[in-house]
Every structure is written in structure tokens, then in C-alpha cells.
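Colleague: My structure is below; once you've seen it, I'll send some questions.
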Amino acid sequence: MTDRPYVIDEMISAKSIAARVEELAREIQAHFKGTDKLIVVGLLRGSFVFISDVVRELDLPVEVDFLEASSYGDGMESSREVRILKDLRGEISGRDVLVVEDIVDTGFTLSHVMNLLKSRGPARIETIALLDKPSRREVDIRATWTGFEIPDEFVVGYGIDYAQRNRNLPYIGKVRFT
């Protein structure tokens, strides 16, 4: 799949991402003020950079857990079949939960994960997504907080990959095949 040559054009700079993460963290902190512990659930693998930056900006008691869900594999299009590859280690019943997603595209993954987690009885559950592609939405779902709304482009960087490559880029870039 990655045999096709491609280049990556920067869409969102590392500086813009850092500034937006600070803004989002302030909003999250205000929303969850007074919580005895916020369980921050990162959706692997694409959110790992975003979750670490968000958590470092929060002045709240936090616990971090991860859930791995997949609807892409190594492709560029969602299969629309969501599989849970790794479940949470801890309990969320009666707790405040923040689900951290890298990108909301068709909405299938986030919708599936939210239904699963809501069935476990959290006190409050909210979502944050670094990126949102509303033009691709097939399921009626939106994150509580969104970093950036983007057009229908295939993107990589800041934790987001193309066939497990380019996660280490400090910015969000658009993949362009040559």
C-alpha cells in the first residue's frame, strides 16, 4: 500500500497545534472542575501524542487509560467495521471520563466507542478530537471539543499514520501521491 511515492504538505503547524491544545485544556479543566479524578481514555494508536500533550496541560487529578479500536487497518478508507483490539484496564463506572480521539471522519469508530463506554455507567463522559472532517460524516456524532476542522484530505503526523508511517511528524500534513 505504501509503495506509491508520496509527499507530505504541511497543513497545521506544530506551533498552531500547541496553542490549540492549551486552549482546549483550559476548557476541559473548567468543565471538569471539582472532579476527584478524570479518567482520560486515549484511542490508540493515533491519539497518543495528542493525549500526552492534553494531559500535561490539565491541572486536575487524572488517570490515563487506553482503548484500541480500528476501522482502517493499513488503508486510507474506513472499513466501517469497528473492532476493539485493546480494552480499558480500569473501571469507569461512576467516574468522569474524557475520550481522546485523533480524528473524527465517518464517525463509526467514535460512535461505537462511546456506546460501549456509556454502557459502563460513567458519571460524565465527554470527547475531544484533534481533527474533524464533517464532510465525511456518516454517523451523527460530534466531539465535545475539536482542535481543528479540516477538509476531506488524507492526513498524517502528530501521531496519525499512513500504514504505520509518519506518526513522528510534529505537524499535521496532507498526503499527496506523486
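The values are calculated or read from the model by the stated rules, or taken from the named source; none is laboratory data. These figures come from a predicted structure and were not determined experimentally. Ideal geometry is used to build each Cβ from the backbone, glycine not excepted, and the neighbour counts take in all protein chains shown.
Colleague: How many of the residues in segment 155-175 are surrounded by fewer than 17 Cβ atoms within 10 Å (Cβ to Cβ), at pLDDT below 95 and at negative phi?
Modeller: Of the residues in segment 155-175, 1 are surrounded by fewer than 17 Cβ atoms within 10 Å (Cβ to Cβ), at pLDDT below 95 and at negative phi.
Colleague: Do any strands (runs of 3 or more DSSP E) entirely within segment 74-178 hold 2 or more residues that are touching a residue at least 60 places away in the same chain (Cβ under 8 Å), and if so, which?
Modeller: Because the criterion is at least 2 residues that are touching a residue at least 60 places away in the same chain (Cβ under 8 Å), the strands (runs of 3 or more DSSP E) in segment 74-178 that meet it are 96-104, 124-132, 145-149, 172-177.
Colleague: While we're on this one: Determine, yes or no, whether Met11 is modelled with pLDDT under 95 and out of contact with any helix residue (DSSP H, G or I) (no Cβ under 8 Å at 6 or more places or on another chain). Walk me through it before giving the result.
Modeller: Details: modelled with pLDDT under 95: no; out of contact with any helix residue (DSSP H, G or I) (no Cβ under 8 Å at 6 or more places or on another chain): yes.
So Met11 does not fit the description; no.
Colleague: Quick check on segment 97-106. Is at least one of its residues within 17 Å of the chain's Cα centre (by Cα) and modelled with pLDDT under 95? Show your work before the answer.
Modeller: Of the residues in segment 97-106, the ones within 17 Å of the chain's Cα centre (by Cα) are 97-106.
Now restrict to residues that are modelled with pLDDT under 95: 105-106.
Checking segment 97-106: at least one residue is within 17 Å of the chain's Cα centre (by Cα) and modelled with pLDDT under 95.
Colleague: Something else about it: Taking interchain pairs and intrachain pairs at least six residues apart, which have beta carbon atoms under 8 angstrom, with the first residue in segment 58-72 and among the hydrophobic types (A, V, I, L, M, F, W, C) and the second surrounded by 14 or more Cβ atoms within 10 Å (Cβ to Cβ) and assigned to a loop (DSSP other than H, G, I, E, B)?
Modeller: Leu60/Phe32; Leu60/Thr35; Phe66/Leu88; Leu67/Leu88; Ala69/Val82
Colleague: Mind listing whichever residues of segment 21-44 are assigned to a helix (DSSP H, G or I), more than 17 Å from Leu169 (Cα to Cα) and not polar (S, T, N, Q)?
Modeller: Within segment 21-44, the subset assigned to a helix (DSSP H, G or I) is 21-31.
Pick out the ones that are also more than 17 Å from Leu169 (Cα to Cα) and you get 22-31.
Those that are assigned to a helix (DSSP H, G or I), more than 17 Å from Leu169 (Cα to Cα) and not polar (S, T, N, Q): Glu22, Glu23, Leu24, Ala25, Arg26, Glu27, Ile28, Ala30, His31.
Colleague: Within segment 17-31, which residues are out of contact with any Phe, Trp or Tyr (no Cβ under 8 Å at 6 or more places or on another chain) and surrounded by fewer than 20 Cβ atoms within 10 Å (Cβ to Cβ)?
Modeller: Residues of segment 17-31 that are out of contact with any Phe, Trp or Tyr (no Cβ under 8 Å at 6 or more places or on another chain), as a first pass: 18-19, 22-23, 25-26, 29-31.
If the condition is that a residue be out of contact with any Phe, Trp or Tyr (no Cβ under 8 Å at 6 or more places or on another chain) and surrounded by fewer than 20 Cβ atoms within 10 Å (Cβ to Cβ), then Ala18, Ala19, Glu22, Glu23, Arg26, Gln29, Ala30, His31 are the ones that fit.
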